[in-house]
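The values are calculated or read from the model by the stated rules, or taken from the named source; none is laboratory data. Computed from a prediction, not measured in an experiment: that's the story for all the values here. Because the Cβ atoms are built from the backbone with ideal geometry, glycine has one as well, and the counts that use them run over all protein chains shown.
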Amino acid sequence: MSGKYLDLNIDIAELTKEFEGIKSEVAEAVRNSAETLATMTHAKVNELATDKLNTRAKQYKENVTFEEIQKGVWVITLLEPAMWIEEGQSSYDMKETHLRKNAKVGKDGKRYKQIPFDKAKAPSQQSESANKLTGQIKQHLRANKIPFRKIETNEHGSPRLGLLHKFTVDSDKPSARSKSPSLQNVSIYQSKDSTGNVRRDIMTFRTISDNSENWQHPGNDAVNIFDEAYKWAEREWETKILPDILDSFDKK
């Protein structure tokens with residue numbers, strides 16, 4: 001399993017050598033405190049992810065594992081699917097990424113594909129620009145007395161299904177060369193999932209093809225959350241936890 005590991009070594013033998021007669025008691029206190037620190041550090045990783053990542057926080061935290069692999073040895077791991085967030089990524093061509101799978105081929109031999117964009121995500125799962133567009137959709141819906149999340153029903157009280165609404169909102173273009181606004185052909189669907197529950201989707205679609213331009217992803221800087229959590233754990237151990245342990249036994 002590839003990924004990144006947070007490894008903070010605590011030398012119990014070195015810490016207990018000056019406590020003749022009560023080495024076992026000191027060692028037990030150190031082990032218990034190390035377990036507490038491991039739990040605190042795991043929480044710190046998730047806290048940093050929430051504070052720093054916005055739309056990427058959910059994926060990052062879903063790929064952080066925390067386990068005791070043997071007695072007294074705790075490991076916090078960031079799994080491979082979220083490594084691109086931790087270590088950053090270079091600019092890349094999203095066009096090729098999107099067209100690599102399930103693309104159709106036009107009469108000119110060029111690949112093309114419809115890319116859906118979910119406009120009903122929670123604010124924490126969207127970028128600032130995406131939240132702005134969602135706000136414009138909400139404004140349009142209020143003006144036309146259409147609910148945003150509430151399931152629409154027919155006169156008999158059963159949910160309406162299929163494409164319910166389709167409209168365009170005057171909005172910024174997704175790129176300088178785009179001919180259409182970002183909120184062209186906003187579509188609202190209601191459908192039943194495999195469990196029979198009704199879901200409501202608010203979507204826009206953009207067509208990408210081999211001829212498309214301006215689909216270059218700018219890349220992301222490394223967030224180095226594991227490095228920051230490691231330094232935090234070191235400070236906690238050296239300035240708070242260990243001094244408290246040593247002080248408690250010095251007084252005996």
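Return the only residue of Ala143, Ala120 being assigned by TED's automatic domain parsing to the domain that holds Phe205, loosely packed, with under 15 Cβ neighbours inside 10 Å and out of contact with any Cys (no Cβ under 8 Å at 6 or more places or on another chain). It would help to see each step written out before you state the result.
Numbers: Ala120 fails: loosely packed, with under 15 Cβ neighbours inside 10 Å.
Being assigned by TED's automatic domain parsing to the domain that holds Phe205, loosely packed, with under 15 Cβ neighbours inside 10 Å and out of contact with any Cys (no Cβ under 8 Å at 6 or more places or on another chain) holds for just one of Ala143, Ala120, which is Ala143.
Test Asp221 against the criterion of being in contact with an Asp or Glu (Cβ under 9 Å, 6 or more places away or on another chain), among the acidic types (Asp, Glu) and either modelled with pLDDT under 95 or surrounded by 13 or more Cβ atoms within 10 Å (Cβ to Cβ) (or both), and give yes or no.
In short, no.
Evaluate the following for Asp108: is it exposed (fewer than 13 other Cβ atoms within 10 Å of the Cβ), acidic (Asp, Glu), outside any strand (DSSP E or B) and not assigned by TED's automatic domain parsing to the domain that holds Arg56?
Yes: the conditions hold for Asp108.
Does segment 70-79 include one or more residues that are out of contact with any strand residue (DSSP E or B) (no Cβ under 9 Å at 6 or more places or on another chain) and closer than 27 Å to Pro218 by Cα?
There is no residue in segment 70-79 that is out of contact with any strand residue (DSSP E or B) (no Cβ under 9 Å at 6 or more places or on another chain) and closer than 27 Å to Pro218 by Cα.
With the condition kept exactly as written, say whether any residue in segment 212-223 is aliphatic (A, V, I, L, M) and within 30 Å of Gln89 (Cα to Cα).
As a first pass, look at segment 212-223 and keep what is aliphatic (A, V, I, L, M): 222-223.
In the following step, the residues that additionally are within 30 Å of Gln89 (Cα to Cα) were identified as 222-223.
Checked against the condition, which is being aliphatic (A, V, I, L, M) and within 30 Å of Gln89 (Cα to Cα), segment 212-223 yields at least one hit.
Of the residues Asp193, Asp227, only one is in the same structural domain as Thr50 (by TED's automatic domain parsing), acidic (Asp, Glu) and free of Cβ contacts under 8 Å to residues at least 12 places away in the same chain; which?
Asp227
Please indicate, with yes or no, whether at least one residue in segment 163-185 is farther than 22 Å from Arg56 by Cα, touching a Pro at 6+ places or on another chain (Cβ under 8 Å) and assigned to a strand (DSSP E or B).
No, there is no match, as no residue in segment 163-185 is farther than 22 Å from Arg56 by Cα, touching a Pro at 6+ places or on another chain (Cβ under 8 Å) and assigned to a strand (DSSP E or B).
Evaluate segment 3-25: report whether one residue or more is under 37 Å from the mean Cα position of the chain (by Cα) and at pLDDT 80 or above.
We begin by selecting, within segment 3-25, every residue under 37 Å from the mean Cα position of the chain (by Cα); these are 3-12.
Checking the rest, the ones that are also at pLDDT 80 or above come to none.
No, there is no match, as no residue in segment 3-25 is under 37 Å from the mean Cα position of the chain (by Cα) and at pLDDT 80 or above.
Restricting to segment 151-190, what's the tally of residues that are free of Cβ contacts under 8 Å to residues at least 12 places away in the same chain and over 30 Å from Asn211 (Cβ atoms)?
Residues meeting the conditions: 6.
Mind checking which residues of segment 68-101 are hydroxyl-bearing (Ser, Thr, Tyr) and either outside any helix (DSSP H, G or I) or surrounded by 15 or more Cβ atoms within 10 Å (Cβ to Cβ) (or both)?
Passing the criteria: Thr77, Ser90, Ser91, Tyr92.
For Thr77, indicate whether it is more than 27 Å from Lys44 (Cα to Cα) and β-branched (Val, Ile, Thr).
no
Please work out which one of (1) of a type outside the set (Lys, Arg); (2) in a loop (DSSP other than H, G, I, E, B); (3) touching a residue at least 12 places away in the same chain (Cβ under 8 Å) is the condition Ala233 fails and give its number.
(2)
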